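Enquirer: Got a structure for you, written out below as structure tokens; questions coming shortly.
The values are calculated or read from the model by the stated rules, or taken from the named source; none is laboratory data. Since the model is a prediction, treat every value here as computed from it, not as a measurement. Here Cβ is always computed from backbone atoms with ideal geometry, including for glycine, and neighbour counts include all displayed protein chains.
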Amino acid sequence: MTLKNIFIFLMLTGLAVFYSCQSSEPRELPYLGFPQIIDGDTFPHQIPDFEFMNQDSQMVTNETFGNAVYVADFFFTSCPTICPQLTRSMLRMHDYFEGRDDVLFLSHTIDVRRDSVPRLRRYAENIGVTTDRWHFVTGDVNDIYSIADDYMSIAIEDPDAPGGFDHSGWLILIDQNRHIRSYCDGTDDKEVDRLIQDIKILLNET
């Protein structure tokens with residue numbers, strides 16, 4: 001794990017404690033990540049342009065999400081540890097916002113060698129996802145790992161890790177302007193409940 005990723009982990013863990021101590025009063029979501037300073041002005045961290053292919057052999061870019069908010073995660077189909085729980089959590093949110101085209105989902109495989117487009121399609125079908133609201137994407141491995149950093153997540157190949165990869169269990173909420181606004185531990189049902197509420201808050205901002 002790099003020093004940057006250690007910092008990210010500590011930052012997000014601290015924010016999780018902060019969230020847990022908050023009251024039930026209405027609140028605004030923060031802008032997370034490393035802000036950029038240009039000509040003295042500070043701009044929130046933003047997810048850069050990307051281009052991946054989804055389970056339906058369609059190109060997925062930042063434009064795919066238009067004016068929608070979306071939840072992103074990183075997984076691989078043969079993952080023997082946390083991925084099944086992450087997928088169940090994503091599916092729960094997907095079903096909770098069923099019929100809403102302004103709430104989308106994006107899962108990046110970190111095992112691009114084995115997780116082909118047909119395999120991603122079978123994976124989606126096996127969990128009952130047949131809509132275009134949830135994209136399971138693959139692409140160049142360096143692009144996947146690079147954008148994981150942009151999402152303040154962790155995704156690396158590690159022969160000593162179960163399944164050969166090490167990755168975080170974060171589910172990351174992105175707003176219509178590609179800013180990180182919230183996240184949760186996808187293995188914790190209560191955290192997922194909170195993220196559902198954060199999605200509602202974000203939708204009410206527009």
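Enquirer: Tally time: how many residues in the range 33-52 are at pLDDT below 95 and not in a loop (DSSP other than H, G, I, E, B)?
Expert: Residues in the range 33-52 being at pLDDT below 95 and not in a loop (DSSP other than H, G, I, E, B): 6 in total.
Enquirer: Can you tell which of GLN85, GLN55 is among the polar types (S, T, N, Q), assigned to a loop (DSSP other than H, G, I, E, B), at pLDDT 95 or above and crowded, with 16+ Cβ neighbours inside 10 Å?
Expert: Just a single option satisfies the conditions, and that option is GLN55.
Enquirer: Would you be able to say whether some residue in the range 159-169 is touching a Leu at 6+ places or on another chain (Cβ under 7 Å) and of a type outside the set (Lys, Arg)?
Expert: Within the range 159-169, one or more residues are touching a Leu at 6+ places or on another chain (Cβ under 7 Å) and of a type outside the set (Lys, Arg).
Enquirer: Only one residue in SER89, SER78, SER146, SER153 is farther than 25 Å from ASP49 by Cβ, within 18 Å of the chain's Cα centre (by Cα) and not β-branched (Val, Ile, Thr). Which one?
Expert: The match here is SER89.
Enquirer: Residues to consider are THR42, THR77, THR81, THR61; find the one that is of a type in the set (Val, Ile, Thr) and within 16 Å of LEU104 (Cα to Cα).
Expert: Answer to the check: THR61.
Enquirer: Give the residue, chosen from ASP102, ASP95, that is more than 19 Å from ASP140 (Cβ to Cβ), acidic (Asp, Glu) and touching a residue at least 12 places away in the same chain (Cβ under 8 Å).
Expert: Residue meeting the stated conditions: ASP102.
Enquirer: Can you name the residue in the range 88-103 that is in a loop (DSSP other than H, G, I, E, B) and in contact with a helix residue (DSSP H, G or I) (Cβ under 9 Å, 6 or more places away or on another chain) and is also surrounded by the fewest Cβ atoms within 10 Å (Cβ to Cβ) among such residues?
Expert: Result: ARG100.
Enquirer: Given the residues THR77, THR64, which is the only one that is of a type in the set (Ser, Thr, Tyr) and either in contact with a helix residue (DSSP H, G or I) (Cβ under 7 Å, 6 or more places away or on another chain) or assigned to a loop (DSSP other than H, G, I, E, B) (or both)?
Expert: THR77
Enquirer: Sort out which residues of the range 23-32 are part of a loop (DSSP other than H, G, I, E, B) and either modelled with pLDDT of 85 or more or within 16 Å of GLN176 (Cβ to Cβ) (or both), and write them in order of number.
Expert: GLU28, LEU29, PRO30, TYR31
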